[in-house]
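The numbers here are math on the coordinates, done by the rules we state, and not lab data. Please read all numbers here as calculations on a predicted model, not as lab measurements. Cβ sites come from the backbone with ideal geometry, for glycine too, and all protein chains shown count toward neighbours.
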Ligand SMILES: [Fe+2]
């Protein structure tokens, strides 16, 4: 998939430069997160008005750019929409443009999950992470439509999804 949106093309150029440095995954994720925090990207720059409405059936992920080494997706969450508990095939960096991406993080302990942390990611926040230890669930806890940009170290056009595994296990708190 090629970038036919100028803001996406510019972001892809900068991400490509970071990926070309050949850092370990966690450092690439952090460098891309830093890039997203410096960039004054708005949802309007990345997504069409129709895409920014979201989907009543669940959060929507739009792959805006993909390449063998990384992909850029815009994710739109209506209030309350939530992912299942999952982890990822590769490093990920994200930046929040609107809404609140409330993240619950887990650690796998045998045949159960232990909830380790909760984080509110607010507009302007960005973060990066890399497997392993990347099990989480994300919910838009704000009353407005949430939009975020996610960059993954994988070719989503080929794989179809950044999810490695979903988890349906008993959860305990730490
Ligand atoms: Fe995720």
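Descriptive notes on the structure:
- The strands (runs of 3 or more DSSP E) found wholly in region 99-154 and carrying at least 3 residues that are within 14 Å of the ligand (Cβ to nearest atom) and on the phi < 0 side of the Ramachandran plot occupy 101-109, 126-129, 135-140, 146-152.
- Residue count for region 45-54, restricted to those that are closer than 13 Å to residue 7 by Cα and in a loop (DSSP other than H, G, I, E, B): 2
- Filtering region 23-44 for residues that are free of Cβ contacts under 8 Å to residues at least 24 places away in the same chain, assigned to a helix (DSSP H, G or I) and either more than 21 Å from residue 5 (Cβ to Cβ) or within 16 Å of the ligand (Cβ to nearest atom) (or both) leaves a non-empty set.
- Out of 147, 89, 96, 138, one residue alone is in contact with a strand residue (DSSP E or B) (Cβ under 9 Å, 6 or more places away or on another chain) and surrounded by fewer than 20 Cβ atoms within 10 Å (Cβ to Cβ). It is 89.
- Looking only at residues of region 155-166 that are surrounded by 14 or more Cβ atoms within 10 Å (Cβ to Cβ) and more than 12 Å from the ligand (Cβ to nearest atom), we find that the one that is nearest to residue 54 (Cα to Cα) is 156.
- Complete set of residues in region 66-89 that are outside any strand (DSSP E or B), within 11 Å of the ligand (Cβ to nearest atom) and closer than 11 Å to residue 152 by Cα: 89
- Odd one out for residue 58 among (1) outside any strand (DSSP E or B); (2) touching a residue at least 24 places away in the same chain (Cβ under 8 Å); (3) surrounded by fewer than 21 Cβ atoms within 10 Å (Cβ to Cβ); (4) within 15 Å of the ligand (Cβ to nearest atom): (2)
- Number of positions in region 121-149 that are in contact (Cβ under 8 Å) with a residue 40 or more places away in the chain and closer than 19 Å to residue 31 by Cα: 12
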